[in-house]
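Shown next, in structure tokens, is the structure this report addresses.
What follows draws every value from the coordinates through simple rules; no lab data is involved. No experiment lies behind these values; they were computed from the predicted model shown. FYI the Cβ positions are ideal-geometry reconstructions off the backbone, even for glycines, and counts take in every protein chain you see.
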Amino acid sequence: MSQEQVKITLPDGSIREYAKGVSAMDVALSISEGLARNVLAAEVNGEVWDANRAINQDSEVKLLTWNDEGGKSTFWHSSAHLMAEALEALYPGVKLGIGPSIEHGYYYDVDFGDQAFDAANLEGIEKKMLELAREKNVYVRKDISKDEAVSYFKEKDDEYKLELLEGLDDGTITFYEQGNFTDLCRGPHIPHTGFIKAIKLLSVAGAYWRGDEKRKQLTRIYGITFPKQKELTEYLHMLEEAKKRDHRKLGKELELFTFSEKVGMGLPLWLPKGAKLRERLESFMRKAQVRAGYEPVITPHIGHKNLYVTSGHYEKYGADSFQPIHTPHDGEEFLLKPMNCPHHCEIYKSKPRSYKDLPVRYAEFGTVYRYEQSGELHGLTRVRGFTQDDAHIFCMEDQVKEEFIKVIDLVLYVFDSLGFEDFTAQISLRDPEDKEKYIGSDEGWAKAERAIIEASAEKGLNTVTVLGEAAFYGPKLDFMVKDALGRKWQLGTIQVDYNLPERFELEYTGSDNQKHRPVMLHRAPFGSMERFVAVLIEHCAGEFPLWLTPDQVAILPISEKYADYAQDVNKVLESEDITGFVDHRDEKIGRKIRDAEVKKIPIMLIVGEKEAEEKTVSVRRHGHGDVGSFKIDDFIAYFAKEKAVSMGQH
């Protein structure tokens, strides 16, 4: 009797038959030994599996290597287990929380009990990890009953794993073992520890168990690993560059923003130069929005609690956010605004609408407030108060695609003007196998998803499509940007929303003289001003495009004798909307130039006896040196040309 076969469909569409119980590693070996040596895991019917796990039914299989996100994630998850094994060997009695992979590397939350531990101990753990990695211990998956699992961790006296087990159903529990280490884990894992060749433990932080400030604080150890030492060396070099570009460091040096404990954690204060930069960004966006047919609106910083109950935001943010503001009127409650969209819905609803009025496009730089735990706050990227370049478009279903294309055009204009050239667009669609968790009709979803896909294709976007990542109220398009160091950031989003028009009972009268619900689009090319500025600072290392720089010129008189002429030049430039300052300090010109370079001032204008007599300026560019001598009018023309180039208007 012949052995039962399964059909394996590979990414190129080819179909191969194997004996039932074949593994992805077996498939790799049947293709080439070289390929098999690099396989870390496999995607089986869309789910990442161990490469050695048996496949017992017809399946679509994608082999994952270090070059795949799923491969890296599995590699780093296995590295967390390797670190845990080293910790148990070096610190007997430690208790382990969770140890997931993250975007770059992994961490493990550890309870050291009474044992002292700090960053000085990391090097010893790295050495132990390398020693264990060289043993090439296999990661073994083992199904286990809940009773057995509970018994195992009771014997280890590990309350953290026992608590995790409480939420798991019998029949779904698996252990993974490698060497002398066993962990409660869903997997997947790489074939063996020998793939891990280069290790760096990066930092130590405190982390409350399960993110609850009322629970015990554990020690979180962050690390990263690579299959080659060269890749670790390159990564550590990138980290050093990232430190130099850290927006918190540069924000202070360039006098852009600050924080005050008295004002409150997570509430940035924008200094004059930072305010200038923000105003330029806002002005840039406002002009683009006017050209695109948006109407400006302004809404208050607070709203009645009932507004957010209607929108659903109170249910989502209420318990874990800023608490209601009570007025002297009994029972009257207001909330700090967590989102702008409910206010915009009420503006739309303020008068009757016809199909002839649509689309209606409202735009606002609206400040919103969301509570973040103090340990989650990080410079401008995680704050408690932030301003969104928020806009909402109310349109008919057959207008969604056209409006999407217009928003994509706006996002691309922003990216081009600010030097973001490397990005992908993630199309997030609903899970076709679980439609119950989404609102709206199948017909509406089909139209909206088709509109996003077609709009992205027509604009030639580099896209990835992810099922199940849509919001419950509609599909969306997220722009994932790579900065100068290759790090990914989400900047800009467009979302389709069937939910809020329903909740707020928004209507328009159609050409059939019947009432219809509009579709709502949310869009924010910047996302939030705070986060966008943080990413921009790190992307360009504080050397902003000329059009955006707070101080575009520094006028440097050689001595005090030429201060009046320097001031006259500054007044002329101000009248032409060229911003800068006169350096009146009693310093040598070399020192003034060096200081202007450090402050990343794009253009330095040096004035002395010759310049004052001839009514000229000697021009020097940051990082490039002398450009030459210009009459004032000629410099203004030169500046205008350079500014246009900096905005991508070649």
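A few remarks follow.
- Per the Kirkwood formula applied to alpha carbons, segment 380-450 shows a radius of gyration over Rh ratio, Rg over Rh, of 1.04.
- Net length gained if the chain between E613 and T172 were fully extended (0.36 nm per residue, minus Cα distance): 150.2 nm
- Mean separation of Cα contacts under 8 Å, 6 or more apart, over the residue count of the chain: relative contact order %: 8 percent
- Proximal charge balance of E421 [Cβ under 11 Å; K/R count +1, D/E count -1]: -2
- Cα gyration tensor, segment 203-333 - rounded (a/c under 1.5), prolate or oblate: oblate
- Cα radius of gyration and Dmax for segment 397-489 (Å): 14.1, 43
- Annotation: extensible slack from E346 through K20 equals 111.4 nm (criterion: 0.36 nm per residue apart, minus Cα-Cα distance).
- Working from label points 7 Å from Cα in the Cα-to-Cβ sense, the K571 to K197 distance is 6.9 nm.
- E282-R215 FRET efficiency (beta carbon distance; Förster radius 30 Å; 0.05 resolution): 0.15
- Isotropically averaged projected area of the chain, using the convex hull of Cα atoms (one quarter of hull area), nm²: 38.9 nm²
- Over 25 Å [Cα-Cα, segment 143-261], rounded percent: 52 percent
- Rounded to the nearest 10 degrees, the inclination of helix 563-575 to the longest alpha-carbon principal axis of the chain is 70 degrees.
- Rounded if a/c under 1.5, otherwise prolate or oblate - segment 324-404, Cα gyration tensor axes: oblate
- Cα centroid separation, segment 142-184 to segment 314-366 (Å): 46 Å
- Modelled spin labels at E505 and Q490, positioned 7 Å past Cα toward Cβ, are 3.3 nm from each other.
- Of A242, L256, F284, farthest towards positive along the dipole that unit charges on Lys, Arg, Asp, Glu beta carbons give segment 241-292: F284
- Among A198, S575, I15 - extreme Cα towards positive end, dipole of the chain, charges at beta-carbon: S575
- Using a Förster distance of 60 Å, the FRET efficiency for F581-E4 (Cβ separation, nearest 0.05): 0.15
- Using a cut-off of 29 Å between Cα atoms, the listed pairs K351/K459; K72/K243; K600/K631 include K351/K459 as exceeding that distance.
- Distance from segment 453-485 to segment 547-616 (C-alpha centre basis), Å: 46 Å
- The distance between label points at K136 and V150 comes to 4.1 nm (points 7 Å beyond Cα on the Cα→Cβ vector).
- In degrees, nearest ten, helix 442-458 long axis to first principal axis of the chain (Cα): 60 degrees
- In degrees, nearest ten, helix 400-418 long axis to first principal axis of the chain (Cα): 70 degrees
- Measuring nothing but how far apart in sequence close Cα pairs (under 8 Å, 6+ apart) lie, relative to its length, segment 307-355 scores a relative contact order of 29 percent.
- Separation of alpha-carbon centers, segment 37-87 and segment 396-448, rounded to whole Å: 31 Å
- Computed from phi, the 3J(HN,Hα) profile of segment 7-12 under the Karplus parametrisation 6.51, -1.76, 1.60 (θ = phi - 60°) reads 9, 10, 9, 8, x, 7 Hz, with x in place of Gly and Pro.
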